[in-house]
Amino acid sequence: ALKIATIGGGSSYTPELIEGYIKRKDELPIKEIWLVDIEAGKEKLETVGAMAKRMVKAAGLDWEVHLTLDRRAALKDADFVSTQFRVGLLDARIKDERIPLSHGVLGQETNGAGGMFKAFRTIPVILGIIEDMKELCPDAWLVNFTNPAGMVTEAAIKHGGWKKTAGLCNVPIGHRKQASEKLGIPEEDLFFKFAGINHFHWHRVWDKEGKERTQELIDLIYGPQEEQESHLKNIWDAPYHYEQIKDLGLLPCGYHRYYYIEDEMLKHSIEEFEKGETRAQVVKETEARLFELYKDPNLDYKPKELEQRGGTHYSDAACELIASIYNDKRTDMVVSTENNGTITDLPYDCVVEVSGPVTAHGHEPYNWGAFPPAARGIIQVMKGMEETVIRAAINGDYGAALHAFTINPLVPGGAMAKTLLDELLIAHKDHLPNF
Ligand code: NAD
Ligand code: G6P
Ligand code: MN
């Protein structure tokens, strides 16, 4: 029988997760689900936790759902530990987005200055969780969903030493569905290969006859006559430049917009900033509405309104990964995992986000090889930036933090790097014990 602990259980995404477990009830002999939060999230935990209990009951299952602020009690003898926490909650994200934008610089949840600060706040916490896991559940799998998922997963594997860590994101699932719709071919009849790092990966697609369909998809999705959709609720659908994507010969992910067409994304973000409608601010209102719904004692299923959040299909990643490990299903998934030579352009010991079957012993990535030069340069810069962010987060090293800010492609110039870093360090000082 399985014990699953979820850290950040008060998240509005919890019903998504519970729904995913219920769907897989025949594959997962769950006995206990422990939802853990902290004092600041207690009310959310109680509301969404009560909803989780109703969902389990409505499905006719006898799973125990425990709500707790005691992380150690939740971790004790857990088989799987999933994480979906946000240090500082949405108010911290509002600062991550608004402070850079107030200087005319892109502010985003997981990219640029804001994304680096989310890493600074989160990495010490994930390493603390791993310290507890070493003592309380030494054989458990850590399923990390907490953003910035790539850097948090790299910190867990490389610095926490927790090899049994899988980092997840819903973006690749959206791209799979998009390709299937555009080609009019069922997803299971297509073969996908994703490679890169979290929120910065590209992919290729083949059909059952063995024919590569990538260029055709570039035309169908990014062609001059197409109306481009990012399929992500949280990313504005600015069109990529077709000729550039055509030249790339790989399908980009939604987040490449912040790099390939940074100026257009920035212009739009500044407009949102001026209206007081940055994504974090909008999400805060969505979240409040969701929790009003969750309070309804008759609601015992995941409401449609949750689709307004960017994380739809989250459970298709998290719950399927757990089912695939537990049953050695070998489901083909995209996971943030140790590179080990999968991408030859990046260090062996770094974490990359790549395709491959999920086995009982974890993810076995397909070999990708090298990127074309135009993609190789930027991914090497991005990975070097991530490694520097992680080093800064662990050591509270100001020089490393400034260096990461200086080389991050979304921070323009050394003076701006220092201005933003200093202002964000003050704004977030309560959540930065290492600095
Ligand atoms: P949220 O603001 O609702 O936070 C979730 C919970 O985490 C809150 O209830 C909060 O109290 C709790 N929390 C904060 N610090 C904690 C700690 N130290 N220990 C335990 N709990 C703690 O966040 P959300 O919008 O539900 O998102 C949750 C996380 O999942 C974020 O990091 C977000 O970026 C990430 N996310 C990832 C993906 C992905 O693709 N990987 C998709 C969606 C969301
Ligand atoms: C996508 C990304 C997540 C990100 C989310 C933001 O799902 O994969 O990593 O956290 O969007 O959604 P939100 O609704 O919070 O803006
Ligand atoms: Mn993601």
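The values are calculated or read from the model by the stated rules, or taken from the named source; none is laboratory data. This is a predicted model, so every value here is computed, not measured. Glycine also receives a Cβ, built like all others from the backbone with ideal geometry; neighbour counts cover every protein chain displayed. Ligands, DNA and RNA are stripped out before the accessible areas are found, and what is left, the full protein with its side chains, is counted by its heavy atoms. Shrake-Rupley method; radii C 1.70, N 1.55, O 1.52, S 1.80 Å.
Name the residue that is nearest to residue 369 (Cα to Cα), counting only residues in the range 380-415 that are open to solvent by 50 Å² or more (accessible area, probe 1.4 Å) and either touching a His at 6+ places or on another chain (Cβ under 8 Å) or of a type in the set (A, V, I, L, M, F, W, C) (or both). Among them, the one singled out is 381. Every listed requirement among (1) open to solvent by less than 50 Å² (accessible area, probe 1.4 Å); (2) within 16 Å of ligand 2 (Cβ to nearest atom); (3) within 26 Å of residue 47 (Cβ to Cβ) is met by residue 235 save one, (3). Remark: residue 67 matches the filter, which requires a residue to be in a strand (DSSP E or B), farther than 22 Å from residue 286 by Cβ and open to solvent by 10 Å² or more (accessible area, probe 1.4 Å). Taking first residues from the range 170-181 that are under 17 Å from residue 13 (Cβ atoms) and partners that are open to solvent by 30 Å² or more (accessible area, probe 1.4 Å) and part of a helix (DSSP H, G or I), the Cβ contacts under 8 Å between residues at least 6 apart in sequence or on separate chains come to 170/316; 173/316. Of all residues in the range 185-208, those that are open to solvent by less than 50 Å² (accessible area, probe 1.4 Å), among the charged types (D, E, K, R) and either in a helix (DSSP H, G or I) or closer than 19 Å to residue 310 by Cα (or both) total 2.
Let's see how each residue does on (1) open to solvent by less than 50 Å² (accessible area, probe 1.4 Å); (2) of a type in the set (A, V, I, L, M):
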position	(1), (2)
240	yes, no
244	no, no
247	no, no
284	no, no
288	no, yes
296	no, no
304	no, no
324	yes, no
327	no, no
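Taken over the range 52-64, the criterion of being open to solvent by less than 30 Å² (accessible area, probe 1.4 Å) and more than 24 Å from the chain's Cα centre (by Cα) is satisfied by 55, 56, 63.
In the range 346-356, of all residues being open to solvent by 30 Å² or more (accessible area, probe 1.4 Å) and touching a residue at least 12 places away in the same chain (Cβ under 8 Å), the one that is nearest to residue 155 (Cα to Cα) corresponds to 349.
Confirm whether residue 266 is in contact (Cβ under 8 Å) with a residue 40 or more places away in the chain and in a loop (DSSP other than H, G, I, E, B).
Here the answer is no, as residue 266 does not meet what is asked.
Of the residues examined, residue 163 is not one that is part of a helix (DSSP H, G or I), of a type in the set (Lys, Arg) and more than 13 Å from ligand 1 (Cβ to nearest atom). A single entry from 211, 182, 164 fulfils the requirement of being touching a Phe, Trp or Tyr at 6+ places or on another chain (Cβ under 9 Å) and open to solvent by 10 Å² or more (accessible area, probe 1.4 Å): 164. The C-beta contact set for the range 36-60 (first residue part of a helix (DSSP H, G or I), second residue basic (Lys, Arg), distance under 8 angstrom, 6+ apart or interchain) comprises 47/295; 55/302.
Residues in the range 273-293 that are more than 23 Å from residue 44 (Cβ to Cβ) and in contact (Cβ under 8 Å) with a residue 12 or more places away in the chain: 273 alone. Considering the conditions (1) of a type in the set (A, V, I, L, M, F, W, C); (2) closer than 22 Å to residue 196 by Cα; (3) within 22 Å of the chain's Cα centre (by Cα), residue 248 is excluded by exactly one of them, (3).
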